[in-house]
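The next block holds one structure in the form of structure tokens; read it before the comments.
The values are calculated or read from the model by the stated rules, or taken from the named source; none is laboratory data. What you see is a predicted model; the values in this text were computed from it and never measured. Quick reminder, even Gly has a Cβ in these numbers, built from the backbone with ideal geometry, and neighbours come from all protein chains shown. Accessible surface areas use protein heavy atoms only, side chains included; no ligands, DNA or RNA. Shrake-Rupley method; radii C 1.70, N 1.55, O 1.52, S 1.80 Å.
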Amino acid sequence: MNRNEFVSRHDSSLELIIEKEFPGKRCVGGKYSAIGHSITLYERDIEIQCERSLGSLSRLEEYTWVILTHEMGHALDPDLAVLSEELHRTGKSEILYQIEVNAWNIAEGLIPFIDHDLFTFIRDESLEHCTNRLLVG
């Protein structure tokens with residue numbers, strides 16, 4: 001099954017956009033936009049993240065699926081709007097962390113066909129990065 005079919009099967013109104021790279025200085029593999037109810041994957045950034053994280057591109061396909069389902073986790077999170085509003089209102093880092101945890105928890109249920117150890121490694125690395133960003137920011 002291709003990624004567009006996969007996304008449509010879970011939410012027919014969710015649009016998947018593929019772009020070459022994120023238009024900014026950060027390395028962003030994917031982004032969910034609530035306004036457009038769309039997910040954008042950034043191919044070059046995913047390659048960079050995969051190589052940094054795993055040491056090669058040999059598992060790029062699986063890595064991309066993990067990034068996609070994480071963004072789908074945001075899109076499918078029934079609490080996202082409330083949490084986002086609370087984050088905007090309070091700026092509390094714990095809320096941002098909860099938003100990320102929710103997305104990862106939803107993502108995990110979407111892709112039983114991906115190696116669980118790989119998924120766990122990417123999730124844990126992402127949440128650690130989120131925590132470090134919160135401690136610095």
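Search the structure for amide H atoms under 5 Å from the amide H of ILE17, placed 1.01 Å from N in the peptide plane, and list their residues when 5 or more places away or on another chain.
The list, which skips near neighbours in sequence, is ILE39, THR40, LEU41.
Spelling out what I want: for every residue of segment 68-82, take phi, set θ = phi - 60°, compute 6.51 cos²θ - 1.76 cosθ + 1.60 (Karplus), and round to whole Hz; glycine and proline get x.
4, 5, 4, 5, 5, x, 4, 4, 9, 6, x, 9, 4, 4, 5
Measure off, as a whole percent, the carbon and sulfur share of the 1.4 Å-probe accessible area of the chain, all protein chains present.
On the way: 4030 of 7960 Å².
That share works out to 51 percent.
With the other protein chains left in place, how much accessible area per residue, in square angstrom, belongs to the chain at a 1.4 angstrom probe?
Working: 7960 Å² over 137 residues.
Computed with neighbouring chains in place, this is 58 Å² per residue.
State whether segment 77-135 is rounded, prolate or oblate according to the following rule on the C-alpha gyration tensor (a ≥ b ≥ c being the square roots of its eigenvalues): a/c under 1.5 gives rounded; otherwise a/b larger than b/c gives prolate, and the remaining case gives oblate. Before the final figure, lay out each step's value.
On the way: a/c = 5.41, a/b = 1.57, b/c = 3.44.
Judged from the Cα gyration tensor, segment 77-135 comes out oblate (a/c at least 1.5, b/c at or above a/b).
How about segment 7-114: which trypsin sites (Lys or Arg not before Pro) there lie in a loop by DSSP and see at most 10 other Cβ atoms within 10 Å?
LYS20, LYS25, ARG26
In sequence order, what are the phi-derived ³J(HN,Hα) couplings for segment 105-117 according to the Karplus relation 6.51 cos²θ - 1.76 cosθ + 1.60 with θ = phi - 60°, rounded to whole Hz, with x for glycine and proline?
Values per residue, Gly and Pro as x: 5, 5, 4, 4, x, 7, 10, x, 7, 9, 3, 4, 5 Hz.
List the aspartates and glutamates whose Cα lies under 15 Å from the Cα of LYS20, skipping any in the same chain that are fewer than 8 positions away.
LYS20 reaches GLU43, ASP45, GLU47.
Does segment 1-40 come out rounded, prolate or oblate, given a ≥ b ≥ c as the square roots of the eigenvalues of its C-alpha gyration tensor, rounded meaning a/c under 1.5 and, failing that, prolate meaning a/b above b/c? Let's see the in-between values first.
Values: a/c = 3.21, a/b = 1.74, b/c = 1.85.
Taking the square roots of the gyration eigenvalues as a ≥ b ≥ c, segment 1-40 is oblate.
List every residue whose amide H lies under 5 Å from the amide H of GLY30, counting only residues 5 or more places away in sequence or on a different chain, with H placed 1.01 Å from N in the peptide plane.
Those qualifying (amide H under 5 Å, at least 5 residues apart or on another chain) are TYR42.
Could you give the distance between the Cα centres of segment 67-137 and segment 1-59, to the whole Å?
Their Cα centres are 15 Å away from one another.
LYS92: which lysines have alpha carbons under 28 Å from its alpha carbon, excluding same-chain residues fewer than 8 sequence positions away?
Of all the lysines, those that pass the test against LYS92 - Cα under 28 Å, at least 8 places apart if same chain - are LYS25, LYS31.
Residue by residue through segment 8-23, what is 3J(HN,Hα) from phi via Karplus (6.51 cos²θ - 1.76 cosθ + 1.60, θ = phi - 60°)? Round to whole Hz and write x for glycine and proline.
With the stated coefficients, segment 8-23 comes to 4, 5, 8, 6, 5, 8, 7, 9, 10, 10, 10, 10, 5, 8, 5, x Hz.
Sum -39500 (n - 2.57) across every DSSP H segment of at least 4 residues in the chain, then divide by the residue count to get the 222 nm mean residue ellipticity, nearest 500.
Details: 6 runs with 87 residues, N = 137.
That calculation yields -20500 deg cm²/dmol at 222 nm.
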